[in-house]
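A short write-up of the structure that comes next.
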Amino acid sequence: MIQIQGLHKAYGDHEVLKGVNLEVDKSQVVVVIGPSGSGKSTLLRCCNGLEVAQRGMIDICGQRLLTNGKMLNDSQLNALRTQVGMVFQSFNLFPHLTVLDNITVGPRTLKKTSAAAAKEQGMALLDKVGLSEKAAAMPASLSGGQKQRVAIARALAMEPKVMLFDEPTSALDPELVGEVLSVMKLLAKEGMTMMVVTHEMGFARDMADTVVVMDGGRIIEADKPEVIFTNPSQERTRSFLQAVL
Ligand code: ADP
Ligand code: MG
């Protein structure tokens, strides 16, 4: 579903991805961990064309997004982005739209779904994330955990083939983290292909098929969670885990 080869990305002189190779198969959950500044967000943003890498190749959802600094054109990119859902740390809901309208606006405008069909789908998604009773609420009235669940429902409304999560629970009060992780676990169990940057090691341990450890713009190791958490091959992985666990 995702294949990344030899990805290099620099901001000016500052090289932040130094040759990243990664594959994510259909229905796999890949969790990316590593210290702040190691390039995790940049890697994720490259996967839906929010950043352009100077060198390397990215195939995603059966399309070549990037080869050696050349991206799909804008209309191809927009089409691809409907297949690649992204959820950020900051929820980025539209503040002037109700919860339901936040979810239906994408399908209605980008996929030309009828208002009735979009509403039906939106209500089903709200049910899935446990927020049916909030359809008419405004985002400002929701807790952080509820906002993030709406953001996930909004991404799902585009019927993506892949979901990218960039620290989806990092902005939440601790007691609200669980409700968002539960929704993500449900998605994983349904077979969604997911790439997740998180510091929630419990989620990584329980849900990841592969845990990828980044440091200094490189993947320093990638393995099953039981290996990463009990017997990592890299000293830097060990010291990172000691700091966060
Ligand atoms: P992580 O998500 O692992 O914390 P990032 O991918 O956000 O790491 O950042 C990797 C490096 O790239 C950091 O040194 C960061 O300061 C730098 N960086 C990220 N975005 C930009 C940008 N838009 N312009 C310049 N430097 C950036
Ligand atoms: Mg980041």
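Note on K26 and R205: their simple-model spin labels are 3.2 nm apart, each label 7 Å out from Cα toward Cβ. So what's the net charge close to N102: Lys and Arg +1, Asp and Glu -1, counting the other residues with Cβ under 12 Å from its Cβ? Net charge around N102: +4. Both numbers refer to the Cα atoms of segment 99-245; Rg and Dmax are 17.5, 55 Å. Solvent-accessible surface of segment 200-245, averaged per residue with a 1.4 angstrom probe and all protein chains in place: 52 square angstrom. The modelled label-to-label distance between M57 and S114, using points 7 Å beyond Cα along the C-beta direction, is 4.4 nm.
For a Förster distance of 51 Å, can you work out the FRET efficiency between the beta-carbons of D74 and N231, rounded to the nearest 0.05?
0.65
Measuring gaps between exposed loop sites in the chain (trypsin sites (Lys or Arg not before Pro); DSSP loop; at most 12 other Cβ atoms within 10 Å), the longest gap, sites not included, is 113-245. Solvent-accessible area per residue in segment 43-117 equals 49 Å², computed with a 1.4 angstrom probe and all protein chains kept. Relative contact order of segment 5-130: 16 percent, from C-alpha pairs under 8 Å at least 6 residues apart in sequence.
Under 18 Å from a point placed 7 Å out from the Cα of V244 along the Cα-to-Cβ direction: which residues of segment 30-68 have their backbone N that close? Answer for this model: 30-45.
Of the solvent-accessible surface of the chain, computed with a 1.4 Å probe and all protein chains present, 48% belongs to carbon and sulfur. Given their separation in residues at 0.36 nm each and the Cα-Cα distance between them, S143 and A124 gain 4.8 nm when the chain is fully extended. Taking all protein chains into account, the per residue accessible area for segment 134-198 stands at 34 Å² (1.4 Å probe).
Taking all Cα pairs closer than 8 Å and separated by 6 or more residues, the relative contact order of segment 18-92 comes to 18 percent. A P(r) calculated from all alpha carbon pairs of the chain, with 5 Å bins opening at zero, reads 1, 6, 14, 17, 19, 17, 13, 8, 4, 1, 0, 0 percent.
The values are calculated or read from the model by the stated rules, or taken from the named source; none is laboratory data. These numbers come from a predicted model, not from an experiment. Heads up, the Cβs are rebuilt from the backbone with ideal geometry, glycines too, and the neighbour counts pull from every protein chain shown. For the accessible areas, the whole protein counts, side chains as well, though only heavy atoms, and no ligand, DNA or RNA atoms are used. Shrake-Rupley method; radii C 1.70, N 1.55, O 1.52, S 1.80 Å.
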